[in-house]
Number of protein chains: 2
Amino acid sequence: MEKIKSYSQMLRTKIFKIQAGKLVCVLNKVDAAELGVMAGDKVEIKNLRTNLVSVALVDETTTAVGENSIGLFIEVADKIGVTSTELVQVTPIQKLASNEAIRKKLDGNKLNDEEIFEIVKDITEDKLSDIEAIAFTCAVYMKGFDLEETISMTKALIKNGRIIDFGVDNVVDKHSLGGVNGRATMIIVPIVASAGFYMPKTSSRSITSAAGTADAMEVLAPVNLSFEKIKSITKKCGGVIAWGGAMDLAPADDKIIKLRHPLSIDPEGQVIASVLAKKASAGSHHVVIDLPVGENVKIKNKNEALRLAKKLVYVGEKVGLEVEAIITDGVNPNGPAFGPALEAKYAMQILEGKTFDNLAQKSCELAGSIFELAGYCRRGQGETRALEILKSGKALEKMIEIIKAQGGKVTSSTQIILSSLNKDIHAEKSGLITEYNIKTLTKIARCAGAPANKFAGILLNKMVGENVSKGDVILTIFSENERKLDLAVDAANKTEFITIK
Amino acid sequence: MEKIKSYSQMLRTKIFKIQAGKLVCVLNKVDAAELGVMAGDKVEIKNLRTNLVSVALVDETTTAVGENSIGLFIEVADKIGVTSTELVQVTPIQKLASNEAIRKKLDGNKLNDEEIFEIVKDITEDKLSDIEAIAFTCAVYMKGFDLEETISMTKALIKNGRIIDFGVDNVVDKHSLGGVNGRATMIIVPIVASAGFYMPKTSSRSITSAAGTADAMEVLAPVNLSFEKIKSITKKCGGVIAWGGAMDLAPADDKIIKLRHPLSIDPEGQVIASVLAKKASAGSHHVVIDLPVGENVKIKNKNEALRLAKKLVYVGEKVGLEVEAIITDGVNPNGPAFGPALEAKYAMQILEGKTFDNLAQKSCELAGSIFELAGYCRRGQGETRALEILKSGKALEKMIEIIKAQGGKVTSSTQIILSSLNKDIHAEKSGLITEYNIKTLTKIARCAGAPANKFAGILLNKMVGENVSKGDVILTIFSENERKLDLAVDAANKTEFITIK
C-alpha cells in the first residue's frame, strides 16, 4: 500500500524560552483536532525559510497557546532556526519505524539489527517520547534480549555516539558491574598507565551507592572534562579518571539509564550493551570486567556471574573488544571506606604503600588481568607485575601526574582532612565478624550525606574475619551536617549492618 | 527492619503559574543532591502553615530555580495551599507501595487485590509518574492479568472514582468493543428508554475511528454534560448520550488510555476492567456487550471473542453486573456512514423509519438482548419487542426528547445538511462487492477531516453483497476543506478499500 499523504497546516510560532529536555511542541486543542493528532502523537515542523525540519511530540492545551499558533520550546526552535511569530508548516507523521519496532518487542518478538538501530537512533535524536523509550526498556526487561539482539544493541549504541580514536592499539579499560564501595579504578588506572598503556577511564557518578568513581576522584581533581581534554590527558599521562556524562559516548544509553531509574530495573541485554558500547566508544581494545558476587550486590550467585561473563566475552568479541570477565567477592566491603573523600583518601593511602588489604589485592588482580589480556606479560604473572609497580611507588607518581593533568592539587592522602563532625558506632556484643551488609552500610553513608557531601560517609574500624569485643568501635560515621549525622547514627542503630558470631 | 528517617530541608517556593498536568516540583541540582534525590524520584512537600502535604515528582534544573528554592506548578501549589516565597518542608520519600507492586508485575509475578488498589489509587491521585504508569501497562500487556487480577483491577477502578446511584434497579447499558462505524448506541438508547429503563450512556470521543458516539451525538446536541445533568436527564427521559470524559468515573482508566495511545497497546485485562468499571460506576445492573469480529477490527476471530465473552461475563458478575456478550459481524460496515454528521443523520433516518439495514437490525438485536437480560420479556422475544418500539415511532419521539433535554435543537434528519464539498469515487470494475476494508475506509474518512470536522466523512453508495458496474459510484467523500478533500480522494485512489469479484 502506498503511503497516504498527511494534511498540513501553517501555524505561527510562539517560543517558550525554556528547555523542555526533549523535542516537544504545544498545540491548541482546536488545531490538534484539525490536524487529527492528540497528545503523545508526533508532527514534523518545517521552517519554510531554512527548510530545516524537526520531529516534535505533541502536547495539547486550551490556554497556553492560542488557535493557529504552535508553542515551541528552545530545543525545537534552535533545531530549525525559528524565532517567535514565524510561520512554520506542521504535518502529522505516521508511526516511526522505531515505534513499530518497540511494539514488536512488546509483542514478544525478536528485533533485528535495523530495528534496534532505529530505536537507538531515535532515542539519541530525541524523536522517541519517554513513554516509548521506557516501553522499550520494559519489553527488554520482561522478554530479554538474545545474543544477537544484544550485539545489535551494542553496535547501535556505538554508532549513535562519539568515538575516541587514539590511533594506537594498547588502549585498555576496566569496568565493575555492581560493585559498591572502594575505588579499585583509582589504583588500577595509575598502575596500568605506568606500564605504558592508555586507560581513558570515564566513570559515572553514584546513583544508589555512597560514591561513584567520578564522585571520589573529584575530591582530588576536576572530573568534568571535555572530550578533547580526556583525549589529550590520556595521550600525555597514559591515564585519566573523568566523569563520562558529558562525553557523548553512547548518549542513548545515558538517557535510558536515567529513565529507568524510578523503576529500578536494569535489563541484562541493555546492561551488557551499555558497558561494552561505552568501552568500545572510548577506543579500548582490551577490557577486564569485574563481576562481584554476593547477596547484597547486583549479581547474586556464581552461576549468574558465569552466564553473564560468557555473554560479555562473546558480545565483546563481536564488537572488536577482547574481554575478560573476573568473578570477585561481593560479600565483603572493598576496603573500609564508604563515601567520596573517605574512599579517595583510602585509595591514595594504598598507592602510598601505607596500607595493603583486600581492595589493594583486588586492584592488583584486575590490573594483572589487563596486563595478561593485552599481552604485557605471560598468564599467571600479571598480578605480580601489578604489585611490583604499586610497591615501586611508580603508580603513586603516575596518580599525582594524572591529578595534576586534570587540574587538581592533591599530592598526598594527608591533604584530605576528614570531617571533625563524626560519631563512633560500637559493637553490641563480642565475637567474630562474619559479614557486613553492604547495602545497609551504603544506606547509612547516604543518610550521612554521601555522595553529595563529599566528606560524608563511613569508615569501618574492623573488617570481616576480625574479632571484636563488646563496646569496640566498629565504624565511624562522618558528616558535614549535624542533622544528617543524627539521622545516620539513628539508621545505624536501627539496622543490622553487621553479623557477629 | 525499621524505617530509616529521611533528611528534610526547608525550601522557599517559586510558583510557576502553569498546569503541569501532574504533581511535579523543580529542584536546583544542588538541593536535589543535598536531599539525595534525582529526577524521577519523589518527595513529600509540606506546607507548615496548613499542614497539608503533597507528593511530587522531582525534576532537576540548574537555571529555572535557584538554590534553597523549590519550583511548584499550579497543581501542587493548590493542593497544599501555598503561594510564592513561602517556606515548605521537603522530604524524600522512599518507594511507594505502588511502585514496588509495578516492579513485581514487571518481574512476572501476580498482583493481589491490595497491590492493584494501590497502583490505581496512586494513578488517580497523580502520585505515580507517567513512566511508572506506562511500565505497569506494558507489564500487564506482556504478562497478562489473570481473572483474579482483572477483578481486582475492575474493583479498584470503581472504588477510585465517582459512582452514580439512581436508587432503582432497572439501569442498563451497552458497550461495543472495537466497533468502528455506525452509531447503534443512538438507536438503542431511545428504544430501551422508551421501554421504561434507565440507560445513562457515557461515550468516548474517537481516538482512531472516523467518529466516536460522543462526536456523532454532538451534531444533534451538546454532550459535554455535568455529572448532575447526566443524572437528572436520565431520571427525566430514561436515557442520555453524553461524553464520559468529564464524569470522573474511573478516572485512572482515562489516564492509562491516554498514556498508552502512542504505543497502540490495549492489554486485555485492562480493557475488560475499563469497560466493566465504567458501567458499574454509571450505576448499571444489566450490560450487553457487542463484540464485533473481523480481520480489520480489534477482535480478529470467533475463538478470541468467545474467550473474551466468558471473561466479561465472569468478571462482571464479581462486581455485581449481569453481563451478556454478543458476538457480531465486524467484517461489514455498520451501515453506510463514516463521520460524525453522516453517522448522526443516518441514525436519525433509521429512527424515522426511512431506512432499515444491518445497523438497524443489529441495534434491535442488542436492545432485545438488554430486554431479555433485564427480564423485560422472555428469551427469544427481545429483538421483536425492540423492533416494535422502533417501528412505532416511540424511539424517535424519545430521541427527540433526549436531544432537547441535552440542549439540542435537531428534531429531524433533514436538518442535518451534508457538505456540498464532496466527491464521488467510482468502481474500477464490475462485479459483486464481497468486502470493504473498514480500516482503510476509516483512514479515508479521517483524511477528509473526520472527526474534528463534523461534516467530513464517507457515505457508501453500495453495500457488501451488492453488484456494481464499472463506473458506478461506490462512495462519496464529504469534507469541509478542499485540501483535505483532495488528500482523501488521493488516499481512496491509492488504497484498496473494496473487494469486487
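The values are calculated or read from the model by the stated rules, or taken from the named source; none is laboratory data. All values reported here derive from a predicted model rather than from experimental measurement. Glycine also receives a Cβ, built like all others from the backbone with ideal geometry; neighbour counts cover every protein chain displayed. Surface areas here come from the heavy atoms of the whole protein model, side chains and all, with no ligands, DNA or RNA. Shrake-Rupley method; radii C 1.70, N 1.55, O 1.52, S 1.80 Å.
Per-structure values
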{"read-out": "Using a Förster distance of 22 Å, the FRET efficiency for A:Gln381-A:Glu322 (Cβ separation, nearest 0.05)", "value": "0.75"}
{"read-out": "Degrees, to the nearest 10: B:227-237 long Cα axis against longest axis of chain B", "value": "30"}
{"read-out": "Listed residue pairs exceeding 27 Å between alpha carbons, taken from A:Lys354/B:Lys5; A:Lys95/B:Lys42; A:Lys14/A:Lys104; A:Lys29/B:Lys22; B:Lys121/B:Lys318; A:Lys345/A:Lys484", "value": "A:Lys354/B:Lys5; A:Lys95/B:Lys42; A:Lys14/A:Lys104"}
{"read-out": "Relative contact order %, chain B, counting alpha carbon pairs below 8 Å whose residues are six or more apart", "value": "14"}
{"read-out": "Under 5 Å, built H, 5+ apart or other chain: amide partners of A:Gly239", "value": "A:Met199"}
{"read-out": "Per-selection Kirkwood Rh - the stretch B:151-213 (Cα, Å, 1 d.p.)", "value": "13.8"}
{"read-out": "List B:Arg446, B:Arg483, ordered by accessible area with a 1.4 Å probe, largest first", "value": "B:Arg483, B:Arg446"}
{"read-out": "For the stretch A:7-17, Karplus couplings with θ = phi - 60° (6.51, -1.76, 1.60), whole Hz, Gly/Pro x", "value": "6, 10, 10, 8, 10, 8, 6, 10, 8, 8, 7"}
{"read-out": "Dimensionless Rg/Rh of the stretch A:305-459 - Kirkwood Rh, Rg from C-alpha atoms", "value": "1.01"}
{"read-out": "Net charge, A:Ala456 excluded, C-beta distance under 10 Å - Lys, Arg +1, Asp, Glu -1", "value": "+2"}
{"read-out": "Stokes-Einstein translational diffusion, the stretch B:367-427 - Kirkwood Rh over all Cα pairs, 1.002 mPa s, 20 °C, in µm²/s", "value": "148"}
{"read-out": "Tilt relative to chain B, helix B:97-106 - C-alpha long axis, 0 to 90 degrees, to 10", "value": "60"}
{"read-out": "DSSP bridge orientation in chain B - percent antiparallel, rounded to nearest 5", "value": "50"}
{"read-out": "A versus B: buried accessible surface, summed, Å² (probe 1.4 Å, to nearest 100)", "value": "4800"}
{"read-out": "Partners for B:Lys231 among aspartates and glutamates (Cα-Cα distance below 17 Å; same-chain residues under 8 apart left out)", "value": "B:Asp165, B:Asp169, B:Asp173, B:Asp248, B:Glu401"}
{"read-out": "Nearby aspartates and glutamates by direct alpha-carbon distance to A:Lys311 (threshold 17 angstrom, same-chain neighbours under 8 apart not counted)", "value": "A:Asp146, A:Glu148, A:Glu149, A:Asp266, A:Glu268, A:Asp290, A:Glu322, A:Glu324"}
{"read-out": "Ratio Rg/Rh [Cα only; Rh per Kirkwood] for the stretch A:370-501", "value": "1.10"}
{"read-out": "For the stretch A:35-160, alpha-carbon Rg over 2.2 N^0.38 Å", "value": "1.21"}
{"read-out": "The stretch A:209-362: relative contact order in percent, alpha carbon pairs under 8 Å with at least 6 residues between", "value": "24"}
{"read-out": "q = 0.12, 0.14, 0.17 Å⁻¹, the stretch B:1-59: log10 I(q)/I(0) [Debye, one scatterer per Cα]", "value": "-0.32, -0.43, -0.63"}
{"read-out": "Accessible area (Å², per residue) of the stretch A:293-345, counting only protein heavy atoms and a probe of 1.4 Å", "value": "41"}
{"read-out": "Relative contact order (percent, whole number), the stretch B:239-316, Cα cutoff 8 Å, 6+ residue spacing", "value": "24"}
{"read-out": "For B:Asp424, label point 7 Å along C-beta direction: distances to other copies, nm", "value": "10.1"}
{"read-out": "Cα-based Rg of the stretch B:115-181 normalised by 2.2 N^0.38 Å, two decimals", "value": "1.38"}
{"read-out": "Degrees, to the nearest 10: B:130-143 long Cα axis against longest axis of chain B", "value": "60"}
{"read-out": "Scaled radius of gyration (Cα, divided by 2.2 N^0.38 Å) that the stretch B:258-371 gives", "value": "1.17"}
{"read-out": "For the stretch A:484-499, Karplus couplings with θ = phi - 60° (6.51, -1.76, 1.60), whole Hz, Gly/Pro x", "value": "5, 4, 4, 5, 5, 5, 4, 5, 5, 6, 8, 10, 9, 9, 9, 10"}
{"read-out": "Unpaired by the 4.7 Å Cβ criterion, cysteines found in chain B", "value": "B:Cys25, B:Cys237, B:Cys364, B:Cys377, B:Cys447"}
{"read-out": "Over the protein assembly as shown: Kirkwood hydrodynamic radius from C-alpha pairwise inverse distances, Å", "value": "31.7"}
{"read-out": "Using θ = phi - 60° and Karplus 6.51 cos²θ - 1.76 cosθ + 1.60, couplings along the stretch B:68-77 (whole Hz; Gly, Pro as x)", "value": "6, 10, 9, x, 10, 7, 3, 4, 5, 4"}
{"read-out": "The stretch A:410-480 pair-distance distribution - Cα-Cα, 5 Å bins, rounded %", "value": "4, 16, 22, 22, 17, 13, 5, 1, 0"}
